[in-house]
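The values are calculated or read from the model by the stated rules, or taken from the named source; none is laboratory data. Small disclaimer: the values here were computed from a predicted structure and weren't measured. Note that each Cβ is placed from the backbone with ideal geometry, even for glycine, and that neighbours are counted across all protein chains shown.
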Amino acid sequence: MSRLGGAQQRLREQAEHHLRVAAMEDLRRAHPQATTAPHKPPGGYFWRLVFVPLYRRMPWEAKVKAMHALRMTAESNGWTAPARTPGEPWHPPRSYTKEDS
């Protein structure tokens with residue numbers, strides 16, 4: 001893995017982790033009798049105090065543009081989504097269905 005690829009992976013892992021912890025904290029606040037506080041590792045102040053609130057306020061289009069600019073999308077790594085029309089549910093590719101085996 002290239003140096004840039006490793007940095008992108010660490011950035012994505014940190015972002016996903018702190019967004020997940022924030023979501024668990026929201027669930028705990030909404031249902032205090034049913035859940036416990038998520039484990040918060042030491043540090044991570046930037047992620048918790050700046051990144052998560054900013055990410056939650058950004059419109060989806062801005063998030064997509066940022067992910068494309070940082071080349072952190074599946075398409076950037078050589079994967080292309082199968083073509084489908086808007087509103088059509090996702091189905092596995094034909095090569096994965098039992099009829100073809």
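Before moving on, here are some points about what is shown:
- Number of residues in the range 48-101 that are aliphatic (A, V, I, L, M), surrounded by 10 or more Cβ atoms within 10 Å (Cβ to Cβ) and modelled with pLDDT under 75: the value is 1.
- Selection of first residues in the range 10-29 that are touching a residue at least 60 places away in the same chain (Cβ under 8 Å) and of second residues that are outside any helix (DSSP H, G or I) and surrounded by 13 or more Cβ atoms within 10 Å (Cβ to Cβ), restricted to Cβ pairs under 7 Å at least 6 apart or on distinct chains, gives the following pairs, ordered by first then second residue: R12/M72.
- Selection within the range 1-47 - at pLDDT 90 or above and in contact with a His (Cβ under 7 Å, 6 or more places away or on another chain): W47
- Selection of first residues in the range 61-74 that are within 16 Å of A7 (Cα to Cα) and outside any loop (DSSP other than H, G, I, E, B) and of second residues that are at pLDDT 90 or above and not β-branched (V, I, T), restricted to Cβ pairs under 9 Å at least 6 apart or on distinct chains, gives the following pairs, ordered by first then second residue: A66/M58.
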